[in-house]
Amino acid sequence: MNDHLKGLLITTLAVLLVVPDSLFVRLIDAGQLTTAFWRGITSGGLILAGLLVWQGTRGFAPIFRTGWPGLIYIVLMGATAPGFVFAVSQTSVANVVFIFASIPIFAAVFSRIFLGEPISRRLILTMAVVLVGLGIIAYGSHESQIASWRGDLWALGVAASYAAALTAVRRLRATSMIPAIPIAYIGAALVMWPMADPGPAFAVQWPLFLGHGAFIAMATCLLTLGPRYITSAEVSLLILLESVLAPLLVWVVVGEDPGRWAILGGAVVIGALFVSNLIALRRRRGTQG
């Protein structure tokens, strides 16, 4: 198996493991802070255990030498853990994943602001269309019983935080930031601990909590490995699978109808990103050829 095919398979598997994330939040019957606490502690704990078995403690030392970029990455990644739960709990799953699809747009803007990287005409046009799609989703939130602008704002905040974290970590390309992920997740869980009530819910629903954490842990690790072997455009195209499959899975299992406006706005967002990434991929292959 060549490296390219390996990267495609690993990244696809990672995306498929991310798909049930929203469904777990829907199925777990607990407060938002309690769900967020267990999401962070289980996924972070499993990743931490895997790292300790695989490489011991030697991988953590470089993290503490990364300075401000490393600290920013840890804080922002930690914020995404509870932010995701708050978003899914307060709006429709379709709205959340369609808004998350805009992460590459935020990343391009932050790269321009903080790294001085130019934004191509293709990305500017993509941003304009994505903004139209997000506007349609926001409009639909006023007409849906399960959607809310509060959850949409949480989703937008998580998308921006994740994109900013990715921008910060680009200054640390020589350092593997995988050990920073359990620090971020467990740290966020510990901050929420005094405000959560983790014991009673876990006693009854521990299979759901552990399953939720296991899926996130495996997906996180695979998403750090797969993109090493394929282009960013290919990664972006594969990640769009979650935006399509996650609402469908929740619809089938719990009957959550995303609504016509969410579907329309999501189609605009995904369509714009799909075409943009496809053009980028073809240009790259044409240059290599």
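Fully extending the segment from F60 to L248 would add 63.8 nm, taking 0.36 nm per residue of separation and subtracting the current Cα-Cα distance.
Which FRET efficiency, nearest 0.05, do R282 and D197 yield, Cβ-Cβ r, R0 35 Å? Don't skip to the answer; put the middle values down first.
On the way: r = 52 Å, r/R0 = 1.49.
Plugging the Cβ-Cβ distance into 1/(1 + (r/R0)^6) gives 0.10.
Spin-label model, R150 to A128: label points 7 Å out along the Cα-to-beta-carbon direction sit 3.6 nm apart.
Given the -39500 (n - 2.57) contribution per DSSP H run of 4+ residues, what per-residue ellipticity at 222 nm results for the chain, rounded to the nearest 500 deg cm²/dmol?
Numbers: 12 runs with 227 residues, N = 289.
The helix contribution divided over the chain gives -27000 deg cm²/dmol.
Taking the charge dipole of the chain about its Cα centre, with +1 at Lys and Arg Cβ atoms and -1 at Asp and Glu Cβ atoms, the residue from A203, I119, V169 reaching farthest to the positive side is I119. For segment 148-214 versus segment 1-19, the inter-centroid distance based on Cα atoms is 22 Å.
Tell me the trypsin sites (Lys or Arg not before Pro) within segment 1-75 that lie in a loop according to DSSP and have at most 11 other beta-carbon atoms within 10 Å.
Numbers: sites: K6, R26, R39, R58, R65; in loops: R58.
Passing sites in segment 1-75 are R58.
Of all the options A159, A184, A49, the one that moves most in a Gaussian network model of the chain with Cα springs shorter than 10 angstrom is A49. What residues of segment 66-98 lie in the reach of a label at I113, counting those whose backbone N is under 20 Å from a point 7 Å from the Cα along Cα→Cβ? Inside the label zone: 68-81, 83-84. Each Lys and Arg contributes +1 and each Asp and Glu -1, all at the Cβ; summed about the Cα centre of segment 3-288, the dipole is approximately 1200 debye. Of all the Cα-Cα pairs you can form in the chain, what percent are over 33 Å apart? Pairs farther apart than 33 Å: 20 percent.
No lab work stands behind these numbers, since they all come straight from the coordinates. Model, not experiment: these values are computed from the prediction. Here Cβ is always computed from backbone atoms with ideal geometry, including for glycine, and neighbour counts include all displayed protein chains.
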